[in-house]
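J.: Submitted below is the structure of interest, expressed as C-alpha cells.
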There are 4 protein chains.
Amino acid sequence: MPTTLRRAHIHRLPMRSPDDVGALEAAIAQGDIDPAGIVAILGKTEGNGCVNDFTRAFAVRSLEALLGRHVSADAVRQIAMVMSGGTEGALSPHMIVFEARGDDEAQPRTFAKSLALGRARTPVLAGEDLGRLAQVAQVAAGVRTAMADAGIDDAGDVHYVQLKCPLLTMERIEAVEARGLRTAVRDTLKSMGFSRGASALGVGVALGELQLSDLSDAMICSDYGRYSERAATSGGVELLDHEIVVAGMSAGWTGPLAIDHAVMRDAIDIEPARAALARLGIDVPGQVPAAARDRIAAVLAKAEAAQSGKVRDRRHIMLDDSDVSSTRHARAFVGGALAGLFGFTDLFVSGGAEHQGPDGGGPIAIIVERA
Amino acid sequence: MPTTLRRAHIHRLPMRSPDDVGALEAAIAQGDIDPAGIVAILGKTEGNGCVNDFTRAFAVRSLEALLGRHVSADAVRQIAMVMSGGTEGALSPHMIVFEARGDDEAQPRTFAKSLALGRARTPVLAGEDLGRLAQVAQVAAGVRTAMADAGIDDAGDVHYVQLKCPLLTMERIEAVEARGLRTAVRDTLKSMGFSRGASALGVGVALGELQLSDLSDAMICSDYGRYSERAATSGGVELLDHEIVVAGMSAGWTGPLAIDHAVMRDAIDIEPARAALARLGIDVPGQVPAAARDRIAAVLAKAEAAQSGKVRDRRHIMLDDSDVSSTRHARAFVGGALAGLFGFTDLFVSGGAEHQGPDGGGPIAIIVERA
Amino acid sequence: MPTTLRRAHIHRLPMRSPDDVGALEAAIAQGDIDPAGIVAILGKTEGNGCVNDFTRAFAVRSLEALLGRHVSADAVRQIAMVMSGGTEGALSPHMIVFEARGDDEAQPRTFAKSLALGRARTPVLAGEDLGRLAQVAQVAAGVRTAMADAGIDDAGDVHYVQLKCPLLTMERIEAVEARGLRTAVRDTLKSMGFSRGASALGVGVALGELQLSDLSDAMICSDYGRYSERAATSGGVELLDHEIVVAGMSAGWTGPLAIDHAVMRDAIDIEPARAALARLGIDVPGQVPAAARDRIAAVLAKAEAAQSGKVRDRRHIMLDDSDVSSTRHARAFVGGALAGLFGFTDLFVSGGAEHQGPDGGGPIAIIVERA
Amino acid sequence: MPTTLRRAHIHRLPMRSPDDVGALEAAIAQGDIDPAGIVAILGKTEGNGCVNDFTRAFAVRSLEALLGRHVSADAVRQIAMVMSGGTEGALSPHMIVFEARGDDEAQPRTFAKSLALGRARTPVLAGEDLGRLAQVAQVAAGVRTAMADAGIDDAGDVHYVQLKCPLLTMERIEAVEARGLRTAVRDTLKSMGFSRGASALGVGVALGELQLSDLSDAMICSDYGRYSERAATSGGVELLDHEIVVAGMSAGWTGPLAIDHAVMRDAIDIEPARAALARLGIDVPGQVPAAARDRIAAVLAKAEAAQSGKVRDRRHIMLDDSDVSSTRHARAFVGGALAGLFGFTDLFVSGGAEHQGPDGGGPIAIIVERA
C-alpha cells in the first residue's frame, strides 16, 4: 500500500555566513522544502569548532527565527539542529536538511529499501549518570526508539546515528552533590567528552556492535579500543536529555536515496569510503567524476588527531601545536583527503570522536541518490 | 663510457624537531650518504611557515653544524638548503637530501635517462632589478646554467626547479635610492612576493613556457594567468643572488630514479598527479598501495588558497580566517588530498605560489624509483 | 526652566556571551533603563575583532530581538549599536548603554554643564566619494548636526565622536564603474580603512582640529600625522550612510555625569589619561582606589600596534606575529596598561585607528560621575 | 676587607631575533662583560611560550656558540640559561645577563648590603620523586646551597629564586616502572607542571614561607593556596637535576644594585610593585619618569590567567579562547599593566606559575641601581 510509505529528501545548501539561511528560505519559498517535514538540520559553520565558537549558536538562532515564521514554536523545537564548527582548509560551510514526506507518487517502487529517518529523545539524564553505564543504557534505549520511529528493525540497516547529549555545569554538579552523590567528573569541559563517549558506546550497544555486559564505568573515555562505527555524538549545554537522529535503510521508505557507511582506520584511509561508494552504485577508480558527484547527497565523517602522534609511522605535529587546535588541523587534513576522493568540498567533517571509530580514524556515512 | 655517468640518490629522512639532524647523522655514519656529494637539502619544518617562523633558520643552523664536521665550510655553503615551514594537518616534518655520485657500478644501463641534478648561482641582483624583467632574465640565464650543470639539453626534460631568491630590506632600498633609482616596491614583505614571482617567471622563460618578449614589469605579481608549471621559488634574507637547483631527466645520469611533474588546477585536483605517477610506472586506481609507496622517493608540491574564494564553486573560508593564515589552511588541506592519493604523509607541500601554477592550484613533481 | 533640561545616564553591563542581553533585560524590567531613551549601545564582544568575528553581529541581533519587544522596529533602528570585537587579556565583555531622559528632578542644578549626547545620520554616501574629501566633508556636516542635536555649540566641548561608516562591496564598486567613475580603492577590505580614515578626518574638521582646505585625497590613509584626537570610527557593511554619536558637555543637560578626553602618545602612555581623570575630579597618584572606581561610568580607548615596530625605542613583535593579529596583541597590552590605572577591566578598548590619534597611540575618553 | 667583596652587574640587552646574540657579543668585545663572570642569562624570546616554541632552544644554541668562543665548554655549561618564550603585546625580546665580579674598587662601601647572586645544582632527581615531597626537600636543600654560594644567611634577604627543573619522558617513566615503582604522573606534559610546582614549594620551604611538615604529596598541584612569593620555576628536558640561581641582598657584595620583591594579588595589582620600587629608592606617584627608568636594571614577573575566570569580579575570556593560549593573553595583559607602571617594555614577564604566588597573580622582583 504505497500511501503508507515515507520518502526522505536531502538538501545540501550553501551558507555565506553562520547566520545565512537564505538558501533554505528560498527552497521553502519555491516549495522544494516543506518546513513541516524537516526532521533534522546538520550544519558546518565557520567558527573554530572549540570552546569559544559562537557561530553554532548564531546559526541555530537564525534557523529558529526562519522556521518560526513557517511552523509553530513547538514544531521548531522538534527539529534536531546539530551545528558543527570548523570548515578548515577548503571545507565549505553548508547545511544538510533532512526532510521526510509521505510518498504520494504512484509508481511501483524501484528499490526494496530506501533511506529512512527516525528520531527520539530520552528521559532527562540524571547528573550522576552522565559518563557512566547508566547513560550508555539510556542512550541504547533511545536509539532503539528512534529505529522504531524510522521503521528499521535490523540494527544492521542503521548506518548513522547523530546524537546530541547533555553536559555538566557547576550548577548541575552541585545539585548532584547536594543529594549526597558524586558525578563522574567535576571538570565541566571534560564532562562533554564523557557524555559524548558514553553516548557513542550507547549507540554501539543499540546496534549490537558492543555488549552492555562487557562494558564498565572505567572503560568510558579510557578504553578507546571499544567504539561504535556508526555514532556521531556532540554535546550541548541547552539540553538535559538526548536528541537522537537515526539514518538507515528501511522497506517502509521509498525513493532513490540510500545510505551506507565505512570506517577510516586513520586520517588518510579513504579506500573504505571508496568501497562504500561502490556499494551504493558509484564505483570509480580515482576521484568521483563531475557527473557522478551530483548523485552524492551527503558525506558525514569524523576527524581527529591520532593520540599516538603518528600516521602510518610518520610523526604528525597536530597535538604539539599550541597555536592551532589539533581538531582544526584534523578537519582540514581529513577534509582534504575526502575531497580528493569525492571531488567537492561541502563535506560534513566534524571533530571530537570519543569511542566513535578507532584512534585517529573515524566513521564515515554516505548518502547517494541511486540511478 | 659508464664511468662518466652520474647517479642521483634521494634520501627522505624524518625530523623529530626543527634542529633534529639525527637521521642524517646516522646515514652519514653508516655510509649511506656521502656529505661531499650532497647537492641540496629540502626540509619541511613544523613552524607556521609565515613571518615569525624561526624553525627554518634553526634547521639550517643545525644542518650547517653537522655538515661542517664532515666537509669544509666552503663546501657547506655550496649545498642549497631550502627549509619550508608548515607541516599542518598530518603532514610530517622531514628532509629530502639530494645526493649525486659518480656511478661506479659496471652493469649495462637499464634506463635511457635518469634523474639528473644541477645547480647554479646567478650574479648578485641589483636592488632596482628585483621584481622586474631584469630579474626574470637573470634567473632564466641561471636556470640554463643549472641545466647545463645537470647535463640536460632539452627544457622538456626539466621537471622541477627549486630556487631561492633575495628580498629587499630597508637598507637595500635606501642604497638604491641613494643612487637616484627606485625599487619596484618599498614594502619589504611585498618584495618577497615580487622576487618569488619574477623568479618563477624566469624559470618559465628558461623552460620555454613563457617568452620574455611577451612579459612586462607590470605583469609581475599582477597577471597570474602567466606562470611556470615547474617552478618552486622561496625568498631568503641571507642571499643577494639566486640559488638554483634543477631536477630533470638526462642520459648523462644513470640509476632507477626518475622524475615527472603535473599541475593541479585547484586544491583537490589530484588526478593529474595520479597520471604522472602512472607515467613513472606506478599505475594505481585508488590510493597507492603499501608495496608501491616505498618506490616513491619524493613528492614536491605547492599549495595556496584560491583568491576567488571558491573551490569548484563552493565557498572556502581560508582567506577570511583571521586566526589561522590561509597558507596554513591550504597546506593542511592539499596535504590531505595528496596523502589520500600517495598513502603517506611526509610530502613536501609548500605555500606561496606567485606565478607558480594557476590560482588555487600548483605544480607537483614526483620522484620514483623505477622497477 | 528645569523641564527643558535633559539628563544622560550611562549603564555599564556585563555580558556572559556575545548574545547575552540578560543584564539589559533585567535593567529594563526593574525600570533602571527606559528602552525609549536609549541613544546608543557600545559593546565589547569576545570575538577576534577581525574579519571572521561573528560575535558582533550575534550581539546586535540579540539586542534587536530584546529591544524589539519593548519599542517599535523603527525605534530600534534609531539606536546606534556599535559592537567592537576583542576582549584580549583580562578585558571583560560588556556593553555600555547611553540613555537620555528628560530631567524631572526639581533640585537646582549643581553643575554648569553635564554630559550631553547627540546623534545624526548623513545622506547616503556615493561609492565614488568613499575615502575621499567628499566623505570628509559629509561627515563633518553630520558631526555638526549631531552636536546641534546634543545642544553643544562649542566644538571644544565635544570629547568623543563614535561613528559607523559604510564600506565598498564588489556590487557597489561595479555600480560606480557602470556610471563611468572610479572608486578610491577596489579592495573591499581596504575600503573599510579608507572609510574609517576619511570619517575620522571628517570628525577632526568638524571639531576644528583640522582644516578641510589643508587636506587632500592623497593624504587619506597615507599622511597619518593628521588626525582627530576625539574620533572613534568603525565600518559596517549594513549601512550606506554614516551613523554618528557625539558625547560632550552642555549646559542643556544636567546631572553628575561629565566627560573628558586625552591622547595616549604610545601604548603605555597612561599619564594623559590620569590627568584627564584628575580634571574630572578623580585625582589619584597610583591606581584608582576601589571607592573611586564606582564613579567611573565608562572608559573608551583606541589601541593599535605602532607601525614603527617600536615602543619607546624597544622592539615589539606585534606586526611580525603570524599566529595572532597585531590588533589582538595591542588590545590586550593597552588594556593591561589602562586597567593598571583604572583598577577594573570592563574597558572599551577597540582597535583600528586610522587618523585617530598618533601612530601606536590613540584617543581615550572618560565619563565620570562627579561627586 | 674589601678585596673579598663581590659585585653583581646586570646587563639588559635587546634581541632582534631569537638567535641574535649581537648585543652580548658587542658587550664582550668592548669589555663591558667578562664572559668568565657570567652566572646566568635570562631571556625573553618571541615564540608562543608553549609546547612548540623552538625559539628558546634556538636562543640557547646561539648563546652557547658565542660563549664557547670565549670560555671552555665546561664553563658554558655552568651558566644557567633560562629562556622564556612569549613577548606578547608590546613586550620586547631581550636578555638579562647576570655577572659577578670581584670588586677591585677601593672606595669605602656606600651600602650595607648589595645584590648578591648564588647558584647550585642538586643531585639527579629520581623519576619516582618528581612531583612529590622528596623533590620539595631536594630543592629546599639546593636553594640553601645557592644561598650559601651567594653569601646570604637570612632567608629574608632572598628576593628571587630562578630554578630550572627536570621533567618525565616516556623513557624515564618506563625506567621507574621497570624498578617496580610508580611516578606521580604518567602524562609527560603534566609532569612539567608537577616538577615546577614541587620545585616552587621547595623554594618556599627553603625560604621559610612554608614548612615541609605541613605539606603532603597530595597538595602538589592541587592546593594552590600554598605557594612561594619568590620562586620562578621552569622545566627543561635537557637536565635531570635542578639548576638554581638565587638573587638577594648580602653584606658580602658591594655596588649600587639592590633587589626587592612584591606579590601581585591579581593581574592588575601593580601597587605592590610600586611599593617595592619605593623601598628601593624610586618613589613615584604615576609612571616611572624617564630619568628614573635608567636606574631599573631588571623587572622579573610571573603572569597567568586566574582559574576563577574573573579579575575583580569581572569575567575574563582567557581560559575560553581556543585560538590564543591563556598564557599568551596573560603575558600581554600583565605586561601592559607593568609597562604602564615602569614606562618601558623589556620586562621579563613569564607564564606558568604553579605554587608561585596566588591564583591569577604572581611574584615580581625588581633590581635597581641605587642613587
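J.: So how far apart, in nm, are the two label points at C:Arg179 and A:Ala148 if each is 7 Å from Cα heading toward Cβ?
T.: That separation, rounded to one decimal, is 6.7 nm.
J.: Now, a different point. Relative to the Cα centre, what is the charge dipole magnitude of the stretch C:116-246, using +1 at the beta carbon of each Lys and Arg, -1 at the beta carbon of each Asp and Glu, and rounding to the nearest 20 debye?
T.: 240 debye
J.: Moving on. For the stretch C:116-246, divide the Cα radius of gyration by the Kirkwood radius and give the resulting Rg/Rh value with two decimals. Each step should come with its number before you reach the end.
T.: On the way: Rg = 14.0 Å, Rh = 14.4 Å.
Reported Rg/Rh (Cα atoms, Kirkwood Rh): 0.97.
J.: Additional query: Within a 10 angstrom radius of each residue's Cβ in A:44-56, how many Cβ atoms of other chains show up on average? Whole number is fine. Spell out each step's value before the answer.
T.: Working: counts 0, 2, 7, 8, 8, 1, 4, 6, 13, 3, 11, 5, 0.
Mean partner-chain Cβ count within 10 Å for A:44-56: 5.
J.: Tell me the distances, shortest first, between D:Leu212 and the same position across the other copies, using label points 7 Å along Cα→Cβ, in nm to one decimal.
T.: So the distances to the same position in the other copies read 5.5, 7.9, 8.1 nm.
J.: Shifting gears a bit: When only C-alpha pairs under 8 Å and at least 6 residues apart count, what is the relative contact order of chain A, in percent?
T.: The value is 22 percent.
J.: Considering chain D as a Gaussian network with a 10 Å cut-off on Cα pairs, which listed residue, D:Ala148, D:Ala306, D:Ala218, attains the greatest mean-square fluctuation?
T.: Most flexible of the set in this elastic network: D:Ala218.
J.: Okay, moving on. For a quick check: with amide H placed at 1.01 Å from N, whose amide H comes under 5 Å from A:Arg370's, ignoring anything fewer than 5 positions away on the same chain?
T.: Amide H neighbours of A:Arg370, under 5 Å, 5+ apart: A:Leu257, A:Ala258.
J.: Comparing D:Gln287, D:Gln162, D:Gln135, which has the greatest mean-square fluctuation in the GNM of chain D with Cα pairs linked when under 10 Å apart?
T.: Its mean-square fluctuation being the largest, the pick is D:Gln287.
J.: Let me ask something else about it. In peptide B:341-348, what is the residue-averaged number of other protein chain Cβ atoms found within 10 Å of each Cβ?
T.: On the way: counts 7, 1, 5, 5, 11, 4, 1, 0.
Mean shielding by partner chains, rounded to a whole number: 4.
J.: How large are Rg and Dmax for chain C when only the alpha carbon atoms are used, in Å?
T.: 19.7, 62
J.: So, one more: Gaussian network model of chain C, Cα springs within a sub-10 Å range: biggest mean-square fluctuation belongs to which of C:Arg293, C:Arg314, C:Arg109?
T.: C:Arg314
J.: Within the set of other residues whose C-beta is less than 12 Å from the C-beta of A:Ser326, count the net charge using Lys and Arg as +1 and Asp and Glu as -1.
T.: Working: positive: A:Arg328, A:Arg331; negative: A:Glu88, A:Glu304, A:Asp320, A:Asp321, A:Asp323, B:Glu88.
So the environment of A:Ser326 carries a net charge of -4.
J.: A further question on this structure: From the C-alpha coordinates alone, can you work out the Kirkwood hydrodynamic radius of the stretch A:174-332, in Å?
T.: In the stretch A:174-332 this quantity evaluates to 18.9 Å.
J.: While we're looking at this one, here's another question. Computed FRET efficiency, Cβ-Cβ of D:Ala371 and C:Arg265, R0 30 Å: what is it to the nearest 0.05?
T.: Approximately 0.60, to the nearest 0.05.
J.: Then there is this: Counting other Cβ atoms within 10 Å of each Cβ, which GluC sites (Glu not before Pro) in the stretch D:163-203 have at most 12 and sit in a DSSP loop?
T.: none
J.: Counting just the Cα atoms, what span does the stretch D:3-108 cover along each of its three principal axes? Round to the nearest Å and put the largest first.
T.: Dimensions of the stretch D:3-108 along the principal axes of its Cα atoms: 48, 30, 22 Å.
J.: Using the alpha-carbon centroid of each, what span in Å lies between the stretch B:1-67 and the stretch C:65-113?
T.: First find each Cα centre; the distance between them is then 63 Å.
J.: Within a 10 angstrom radius of each residue's Cβ in D:308-315, how many Cβ atoms of other chains show up on average? Whole number is fine.
T.: Per-residue shielding by partner chains comes out at 6.
J.: Ok, one more. Report, for B:Glu64, each distance to the same residue's label point in the other copies, shortest first and in nm; define the point 7 Å along Cα→Cβ.
T.: Counterpart label points of B:Glu64 in the remaining copies fall at 1.7, 5.8, 6.0 nm.
J.: Only helical DSSP H runs with n ≥ 4 go in: add -39500 (n - 2.57) per run for chain C, normalise by residue count and round the 222 nm mean residue ellipticity to 500 deg cm²/dmol.
T.: Taken over chain C, the calculation gives -8500 deg cm²/dmol.
J.: What value does the stretch B:257-369 have for Rg/Rh, both radii from Cα atoms and Rh as Kirkwood defines it? If you can, show how the numbers build up before the last one.
T.: Working: Rg = 14.0 Å, Rh = 14.2 Å.
Rounded to two decimals, Rg over Rh is 0.98.
J.: About its Cα centre, what dipole magnitude does the stretch A:257-369 give when the only charges are +1 on Lys and Arg Cβ and -1 on Asp and Glu Cβ, stated in debye to the nearest 20?
T.: Around 160 debye, computed over the stretch A:257-369.
J.: If you don't mind, another one. Hey, for B:Arg16 with labels 7 Å out along Cα-Cβ, what do the inter-copy distances come to in nm, ordered shortest first?
T.: Computed spacing set for this position: 3.4, 4.8, 5.3 nm.
J.: Evaluate the protein assembly as shown: find the radius of gyration of its Cα atoms, find its Kirkwood radius, and give the ratio Rg to Rh.
T.: Reported Rg/Rh, Kirkwood definition of Rh: 0.97.
J.: Can I ask one more? With no solvent and one equal point scatterer per Cα, compute the Debye intensity ratio I(q)/I(0) for the stretch C:81-140 at 0.30 Å⁻¹ and report its log10, rounded to two decimals.
T.: The calculated log intensity ratios at q = 0.30 Å⁻¹ are -1.28.
Here, each number is a calculation from the coordinates, and none is a lab measurement. This structure is a prediction, so every number in the text was calculated from the model and none was measured. We place every Cβ from the backbone using ideal geometry, glycine too, and count neighbours over all the protein chains shown.
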